[in-house]
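Asks: So that we are looking at the same thing, I have put the structure below in structure tokens.
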Amino acid sequence: MAEFMDLNLTFSGDKAELRKLVDTAAHLGYSTVAINYVFEPNPKKKTPVPIPVPVAKLVHPLPVVQGCSRPIRILNRLTIMMSDPSHYRASSPEYKHFDLLAVQPNTDKLFLSACMTYDVDLICFSVSDRLPFFYKRAPVHGAMERGVAFEVSYAAGIRDSTRRRYTMANAMFHSDICKGKNMVVSSGAERALEIRGPYDVMNLSQLFGLTERHGKDAVTTNCRRVVLHAESRKTAGGIIRTFRRDEATVGTSTVDTSGEDCPAAKRAKTQDDQAIEA
């Protein structure tokens, strides 16, 4: 059975409302959710990166997922609103407190950098306004080759009719660029009334230009890839080569030290050799 995920539950500061939001997500069948902390740096003064609140202090006990016998999994996510290249600091220790890292670039140059060089898991789009720039397929395909996914949220379209128009237009534009691949559809909900069930999101994805299969992947497979990409991002890169040894040779030497073909340095000493040394 596929596991449904919603990787964008906006943290508004109201812990009681967030508990209702997580309870609703578990009741709708989501097995994994991510609490999104939005960070918008101030160009005039230094703004500290928010520190996530421990999950045990926000939601305790964890609600059980509808149709499953295990509690919901909660992740912490940081979304950086970028209007300048200095807003993203690759070596910042504050990023290590979060499970997922996302950026929302506001210019075409920042979008290109996010697709090709930034070590992030998600690239978001503005859904409450017209796209500030247009982009081509080359940077999108570059991000897809690196395992970076693109996110579209639908909660803004529920709040306002104007935002609904922009949400559908922006989502359809991107789905046409990436052909439905590496897309994640999240809620971006701040209240429990703004989140929808996974099957409703699949139907909504078809209005965004996704096929039925890509709509399902947008709340299951692609979300799982984002989580795995985030886990691999935190570990050191390396290659391990494994091979199977012959059981008959395990524990025994594979070098024949008694044959004439063996080098003199490795050949077993005979009685004549010992007598010469003496």
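Asks: How many residues does the stretch 145-176 contain that are among the hydrophobic types (A, V, I, L, M, F, W, C) and in contact with a strand residue (DSSP E or B) (Cβ under 9 Å, 6 or more places away or on another chain)?
Replies: Summing the residues that are among the hydrophobic types (A, V, I, L, M, F, W, C) and in contact with a strand residue (DSSP E or B) (Cβ under 9 Å, 6 or more places away or on another chain) in the stretch 145-176 gives 7.
Asks: May I ask you to list the residues in the stretch 206-226 that are hydrophobic (A, V, I, L, M, F, W, C) and within 14 Å of residue 174 (Cα to Cα)?
Replies: 207, 208, 210, 218, listed by residue number.
Asks: May I pose another question? Considering only the stretch 107-127, state which residues are surrounded by 16 or more Cβ atoms within 10 Å (Cβ to Cβ) and modelled with pLDDT under 90.
Replies: Of everything in the stretch 107-127, those that are surrounded by 16 or more Cβ atoms within 10 Å (Cβ to Cβ) and modelled with pLDDT under 90 turn out to be 125, 126, 127.
Asks: Of all the residues that make up the stretch 57-67, how many are open to solvent by 40 Å² or more (accessible area, probe 1.4 Å) and more than 24 Å from residue 121 (Cβ to Cβ)?
Replies: 6
Asks: Related question: Which members of the stretch 68-106 meet the condition of being within 19 Å of the chain's Cα centre (by Cα), farther than 19 Å from residue 35 by Cβ and surrounded by fewer than 19 Cβ atoms within 10 Å (Cβ to Cβ)?
Replies: Correct list: 89, 90, 91, 92, 93.
Asks: Do any helices (runs of 4 or more DSSP H) lying entirely in the stretch 155-252 carry at least 1 residues that are over 23 Å from residue 99 (Cα atoms) and at pLDDT 90 or above, and which ones are they?
Replies: 198-207, 212-217
Asks: Against the conditions (1) more than 17 Å from residue 40 (Cα to Cα); (2) buried (at least 18 other Cβ atoms within 10 Å of the Cβ); (3) without any contact (Cβ under 8 Å) to a residue 40 or more places away in the chain, where does residue 171 fall short? Just the number, please.
Replies: Evaluating residue 171 over (1) more than 17 Å from residue 40 (Cα to Cα); (2) buried (at least 18 other Cβ atoms within 10 Å of the Cβ); (3) without any contact (Cβ under 8 Å) to a residue 40 or more places away in the chain leaves (3) as the failure.
Asks: Considering only residues that are open to solvent by less than 20 Å² (accessible area, probe 1.4 Å) and on the phi > 0 side of the Ramachandran plot, which ones fall in the stretch 1-54?
Replies: Across the stretch 1-54, the qualifying residue is only 29.
The values are calculated or read from the model by the stated rules, or taken from the named source; none is laboratory data. Remember, it's a predicted structure, so these values are computed and weren't measured experimentally. Neighbour counts run over all protein chains shown; Cβ positions are idealised from the backbone, glycine included. Calculation scope for accessible area: heavy atoms of the full protein, side chains included, ligands and nucleic acids excluded. Shrake-Rupley method; radii C 1.70, N 1.55, O 1.52, S 1.80 Å.
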